[in-house]
Every structure is written in structure tokens, then in C-alpha cells.
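In what follows, a structure is listed as C-alpha cells, so that the remarks can point back to it.
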Amino acid sequence: MEVPDTDTAAVEPAGNRLSELPRPRQTRVLTVANQKGGVGKTTTAVNMAAALSQSGLKVLVVDMDPQGNASTALGIPHTGDVAGVYDVLIDGTALADVVQESPSLPGLWCAPATVDLAGAEIELVPMVAREGRLRKAVRVFLDERAATGDPIDYVFIDCPPSLGLLTINSFVAGSEVLIPIQCEYYALEGLSQLLTNIELIKEHLNPSLQVSHILLTMFDGRTRLSAQVADEVRAHFTDTVLRTSIPRSVRISEAPSHGETVITYDPISSGALCYLEAAKEIARAARAQEEGGTDE
């Protein structure tokens, strides 16, 4: 997809662009991960979720990063007195009791991360089945929603940028991995280790886990470096890399300070339009796979 030269474009409002997205036959649980920080991981999780919810799909974001940036971007309170993912992992609180609906995006829920989550890495160590506590909570929540006739279509799990028990829980809970890769020199640094870790999780804890999508972020069409990195990633991961890349955008950076995603903050900006297009790719690729065809 071509990125507009400016940060806004005279196109139809974002709310009208995803009306035709197919609903998955069963809930897709995507773990958004990259052990390298600053690659647009949280930004990708919340904006993909927002883009899909605007089409009428039901989406849940699980904020597993103690910084709580995903919660902030979705306008979800996550102060110390708010029940969140920590309570789910450590105290066994039901996920349904901590999720909150985003005030700007009906149909998009978030399980917030509070500051207490930073201590969960240590508190999880002596617990039985410590790697699968999030998976159990997510499955119960999804089953309860399905039983009421109001199922969740997508779950996005936002990981911290490290391989600890929080990230392992996230991998065990998911069935797919979405990897954002920054279009800069160190983009591939650590990626091989991440893929190795995913294979270990698959072998020992979650046989169904697979890397389903790679998204190029912070793409700057004015530089040769971005193009070179994009070409290299596409050469290595031909079938996995989304066609749409996410540009560097002031609007994407500004949106969280207003408690919003770029999808609602500036729906006709280049960043919003590209996330909408990437979400469309993900949704249509899944339907094509379900039907045994290919995504054209």
C-alpha cells in the first residue's frame, strides 16, 4: 500500500472503511510481541484492535505490560486501586470482573495493566501451572461470552519487551503471534532469538502457536534505509509480512496523550488509514485460510 505524503488524506472517514470485514468462525487470539523495545508493539496492538472494532467486531485487548500504555491509549483507568491483569494472574480474579469497555470505541474492551503487574514476575515463580494462568482466564472469559451469544472475535495480548513469565503467559494464551518490526538498521537484531523462543514455547507449552503476521512499522518512504529493511524482511518472511506498512506519523504518537488510538483521534491520517488497511489484511487472510483458499 502506498503511504500518503502528508499526515492526512482527503478520503472517506475511517468508520466507513471496514464495514465489509468478515467475522472469524472462532475467536482469534493474537500475541503482539517483540523483545526489542520501541518498535511500535503497543501502538500496533491498540490500533489493530481499534480498527477491527470499528467494523462491528468484538475485540478484547489484554495489557500485559506493567507500563500500562495500551490501557492509556484505550482510555482505560489503570491506577493502583483498579482491578486488572495482576488480579487475574495472582489472585485468580475472573477476567470478566476486570475488563472495561473503551469510552471511545464501543465493542472494544481492555483488561488493564496496573503498576502491581511489575511484581507479578516474581510472585508467579512459585505458583502451580504458572505459565498457563492467563490462558485459563482467557478461555473461561471467551467461553462465557460465547455462551451468552455475544462472542469475542479478536483478542490482542500486548507483551512487555522482555522474555519473562508475563511474556511466556502471553505466548501460551495465544494461538497466533503478530510481530511488529521497525524499519531501521537494528530491525532484525534479536528477531532470530524471538523466533527461537516462540519455537520453544510451541514445543513445550503451546503446540498451536504460530507466527501468523509480521508488520513493518515506522516506515519512512523518503529514506533508502526503510526500503532496504522492508525488502530484507519481505525476502526472509515472504508469506508472513503484511503488504501494508505503517508510516512514521505525528498523529500516531499524539493519540495516546489524549487517551485514544489514532483510529479515533485522527481517522483520516495516514497512520489511521494504514492500520485500517493492515487490519483488513489480517481479517481477510484468516477467512481465506478458513475457506482453504488464498487471500487475493
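What follows is calculated from the coordinates using simple rules that are stated; it is not laboratory data. What you see is a predicted model, and the numbers here were worked out from it, not measured in a lab. Every residue, glycine among them, receives a Cβ derived from its backbone with ideal geometry; neighbour counts consider all protein chains shown.
Here is how the numbers come out for the structure above:
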read-out: For the range 14-287, share of DSSP beta bridges that run antiparallel, in % to the nearest 5; value: 5 percent
read-out: Gyration tensor (alpha-carbon) shape descriptor, the chain, a/c threshold 1.5; value: rounded
read-out: Cα gyration tensor shape for the range 83-208, rounded if a/c is under 1.5, else prolate or oblate; value: prolate
read-out: In sequence order, calculated HN-Hα J values of the range 182-196 (Karplus, 6.51, -1.76, 1.60; Hz; x Gly/Pro); value: 6, 7, 9, 4, 8, 4, 8, 5, x, 5, 5, 5, 4, 5, 5
read-out: Part-to-part distance (alpha-carbon centres) for the range 66-112 and the range 250-266, which is given in Å; value: 19 Å
read-out: Inter-probe distance in nm under a simple model that places probes 7 Å from Cα toward Cβ, at Q289 and R25; value: 1.3 nm
read-out: Mean Cα-pair separation over length for the chain, i.e. relative contact order, pairs under 8 Å, 6 or more apart, %; value: 27 percent
read-out: Separation between Cα centres of the range 20-58 and the range 161-214, rounded to whole Å; value: 15 Å
read-out: Positive dipole terminus of the chain, leading residue within I246, V229, S175 (C-beta point charges); value: S175
read-out: Value of [θ]222 nm, deg cm²/dmol, for the chain, DSSP H segments ≥ 4, -39500 (n - 2.57) each, nearest 500; value: -11000 deg cm²/dmol
read-out: Amide H partners (placed H, <5 Å) of L60, local residues excluded; value: W109, Y154, V155, F156
read-out: Pairs from K41/K202; K36/K202; K136/K280; K36/K136; K58/K280 whose Cα-Cα separation, in the structure shown, is over 25 Å; value: K136/K280; K36/K136
read-out: Cα gyration tensor category, rounded, prolate or oblate, for the range 198-250 with a/c compared to 1.5; value: prolate
read-out: FRET efficiency for S192 and D220, using Cβ-Cβ distance with R0 set to 35 Å, rounded to 0.05; value: 0.90
read-out: Under the Karplus curve 6.51 cos²θ - 1.76 cosθ + 1.60, θ = phi - 60°, whole-Hz ³J(HN,Hα) for the range 109-117, x wherever Gly or Pro sits; value: 10, 9, 9, x, 9, 9, 4, 4, 4
read-out: Sequence-distant residues sharing a close amide H with T217 (under 5 Å, placed H); value: I181, Q182, C183, I246
read-out: Simple Cβ-charge dipole of the chain, Lys/Arg +1 and Asp/Glu -1, about Cα centre, in debye nearest 20; value: 360 debye
